[in-house]
Amino acid sequence: MVAFRDCYVRVSTDGTNWTDLSDSATVEQPTGSGLRPTSQLHPYGADVPTLVPGRRPPVRLIVTYNYADAVIDNTIRTAYEAASAFYVAFAPRGNASGNFLYTSAAGIITSPPIPEGQRTSGTIVLNRFTFETPSLTKSVLGIT
């Protein structure tokens, strides 16, 4: 079994220079990946339909991170406000050779990072943003 607490997460504003958020971030609820819609054509005289593949929807990721890092928070907020390209990469099993790494194409932060938490609980303050990308590329860490 894999625990997402081991997840390796990094972000970038240019797709080349990455900032590691692994100590304080995780990726939640990846959606849209692999959900290819289909259309059905019913040719005259045929008993079964012909399936035609549609286009894949964008992939949506929710990234939660510790609000204590002001530099990262400002980088994310600036990318959101400018609607500029942003990149997210994550390895669910951690940053070890042989693990799968999912790297986004240039995407957009679609919801701003807003700190959240409960006053009475005394837990750390978390920030969360939603990110959409056309696709994720799967690679293997440590193998070139």
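Each value in this text was obtained by applying a stated rule to the coordinates, not by laboratory testing. Not measured: the values here are computed from a predicted model. Positions of Cβ are generated from backbone atoms using ideal geometry, with glycine treated the same way; all protein chains shown enter the neighbour counts.
Observations
- At full extension, THR123 and LEU41 could sit 24.1 nm farther apart than now, given 0.36 nm per residue minus the alpha carbon distance.
- ALA105-THR78 pseudo-label distance in nm [points 7 Å out on the Cα-to-Cβ vector]: 2.6
- The region of the chain that goes longest without hitting one of the trypsin sites (Lys or Arg not before Pro) in a DSSP loop, each with at most 14 other Cβ atoms within 10 Å, is 56-118.
- Annotation: amide H-H contacts under 5 Å for SER135 (H modelled 1.01 Å from N, sequence separation of 5 or more, or interchain): VAL59, ALA105.
- Toward the positive end of the charge dipole of the chain, with +1 on the Cβ of Lys and Arg and -1 on the Cβ of Asp and Glu, the farthest Cα among GLY45, LEU61, GLY94 is that of GLY45.
- Taking a point 7 Å out from the Cα of ARG55 in the direction of its Cβ, the residues of region 90-113 whose backbone N falls within less than 17 Å of it are 105-108.
- Between region 110-144 and region 8-59, the C-alpha centres lie 18 angstrom from each other.
- For the chain, the relative contact order comes to 26 percent (Cα pairs under 8 Å, sequence separation of at least 6).
- Nearest-ten-degree value, helix 70-82 long axis tilted from longest Cα axis of the chain: 40
- When the convex hull of its Cα atoms is projected in every direction, mean area for region 26-86 (nm²): 6.2
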